[in-house]
Structure formats: structure tokens, C-alpha cells
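Okay, so here's the structure we're looking at.
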Amino acid sequence: MTERVVINDAIEFVKKKLIGVESGHDWSHAYRVWNMSKKIASQYEVNMSVVELGALLHDVGDSKFHNGNENVGVVVVKEFLEDNGIRGKEMEDVLEIVREISFKSGKRDLKERSIEFKIVQDSDRLDALGAIGIARAFNFGGYKGNELYNTRIKPNMSLTEAENKKKNCPTINHFYEKLLLLEGRMNTIEAKRIAKEKTNFMIEYEKRFREECGIVD
Ligand code: ADP
Ligand code: NI
């Protein structure tokens with residue numbers, strides 16, 4: 001099977017798997033992460049099939065789509081890869097991306113991770129920034145029934161990743177608690193550059209948001 005055929009099959013597979021999920025994590029998210037991953041990867045020496053498949057499949061393994069079970073998604077992706085003739089190291093490298101990006105605890109030290117993993121992780125994080133990042137945050141907040149803002153609730157800067165998601169915080173607080181900090185967590189130089197640009201836009205937006213809402217502090 002040619003690589004393109006596998007990529008096209010992966011696209012169909014992901015579209016089917018992500019039907020009906022919250023729109024910040026649907027096929028369009030996988031599509032943006034795929035595009036960004038290709039863009040960043042073009043600057044490095046990588047196995048492009050691993051980058052592309054990892055990016056397309058990265059959220060299929062997420063426990064939130066499998067009743068909190070962290071293994072089901074990875075098994076499903078493994079089956080897909082085997083059925084499409086992706087085996088051995090290539091399969092393991094794609095599975096590492098799917099498994100480790102989804103697992104909230106994060107199993108391995110970043111130093112041990114592949115360049116392909118780092119690129120897809122950066123691309124996933126970049127999708128939480130900029131105009132699309134703002135849209136996703138407010139969409140997520142709406143989905144959870146959270147307030148847009150509440151001046152009496154101050155950002156909590158000591159939340160863990162898991163607490164961050166569960167908590168019903170006003171969405172604008174999520175900017176300070178997580179989004180504006182992502183720039184400092186990028187793996188690759190290219191992603192850092194893009195993150196800086198997107199973060200500057202969000203800072204401008206946040207200033208305007210406060211002005212329009214009459215928030216003074
Ligand atoms: P992914 O599953 O793609 O790795 P996350 O699940 O960490 O990413 O976050 C997905 C999106 O949901 C991001 O755009 C993030 O800003 C948003 N999000 C997560 N937690 C919150 C929250 N408490 N308030 C608003 N948006 C949130
Ligand atoms: Ni994602």
C-alpha cells in the first residue's frame with residue numbers, strides 16, 4: 001500500500017471516530033494539527049509518515065472519547081495501523097505519539113521522545129493559541145457551562161493539567177492559567193516562533209476583552 005493511500009485511509013478513519021465530539025476536538029482540529037505538523041516537520045529531518053499519521057490520529061486515543069479509558073483508543077489505532085501495513089518501529093513511533101499525547105500523566109521524560117512526537121505535541125499546543133485557540137477556549141467553556149468571566153474569581157496559578165480541565169473556571173481565567181504559558185512549553189524553535197506571534201495576538205485580545213467588559217484590576 002502506498003503511503004498516500006494510508007494517509008487517506010487515516011483521514012477517513014479519524015473523521016469517523018471523531019463524529020459528534022465537542023467541536024474543539026473534532027476532525028477540523030486533527031486537520032489543523034496535521035497541517036501545522038507538516039509545516040514544522042519540513043524544517044527537520046523526520047519520518048514524515050510518522051508525523052502525518054501521529055498528527056491525524058493523536059486525539060483518537062484520548063480517554064475522553066472512550067469513557068475515561070486510556071487504553072481503548074490506543075488499541076483501536078494499533079489495529080488500524082496493522083490493517084494498513086504499518087508495523088515495527090514506524091508503528092511504535094506513531095503509537096508513542098497517540099499514547100503519550102493522550103495520557104494525562106505523561107509517561108516519559110521529554111528527552112527520550114522522538115522529534116516526530118515533539119513536533120505533533122507542539123502542533124497540538126499551537127492549536128490552543130491564536131484566533132482558533134480563543135474560539136476553542138470559549139467553545140470548551142460553553143460546552144462545560146462556564147462563565148465567560150467573573151471578576152470575583154481570580155486565576156488559580158497552581159492547578160494541575162487535570163484540575164484545569166475539570167474546574168468550572170471562567171473561560172478568560174484559562175488564558176492566564178494555561179494558554180498564555182504554552183509559549184514557554186514548546187519543544188521546537190519553529191513552534192516557539194509561531195507561539196510567540198499567536199500569544200501576542202491573544203494578549204491584545206485579552207486587553208480589549210477587559211476594556212469592553214469594564215474590568216479594572
Ligand atoms: P488536546 O486534547 O487537543 O490535547 P486539551 O484537551 O488540553 O487539548 O484542550 C483542548 C482545548 O480545550 C484547548 O483549546 C483548551 O484551551 C481548551 N480548554 C481546556 N480546558 C479549558 C478550560 N478550563 N476552559 C476553557 N478552555 C479549556
Ligand atoms: Ni489535540
Taking the residues in the range 151-204 that are of a type in the set (Lys, Arg) and in a loop (DSSP other than H, G, I, E, B) as candidates, determine which candidate is farthest from the chain's Cα centre (by Cα).
-> 152
Determine which member of the set 140, 117 is within 15 Å of ligand 2 (Cβ to nearest atom), of a type outside the set (Ser, Thr, Tyr) and over 27 Å from residue 49 (Cα atoms).
-> 140
Go through 111, 104, 118 for me and flag whichever is modelled with pLDDT under 95 and more than 13 Å from ligand 1 (Cβ to nearest atom).
-> 111
Hits in the range 121-140 (condition: near ligand 1 (Cβ under 8 Å from one of its atoms), farther than 17 Å from residue 37 by Cβ and modelled with pLDDT of 95 or more) | 136, 137, 138
Being more than 11 Å from ligand 2 (Cβ to nearest atom) and either not in a helix (DSSP H, G or I) or not aliphatic (A, V, I, L, M) (or both) is the filter here, so list the residues in the range 7-20 that pass it.
-> 8, 9, 12, 13, 15, 16, 17, 19, 20
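The values are calculated or read from the model by the stated rules, or taken from the named source; none is laboratory data. Computed from a predicted structure; not experimentally measured. We place every Cβ from the backbone using ideal geometry, glycine too, and count neighbours over all the protein chains shown.
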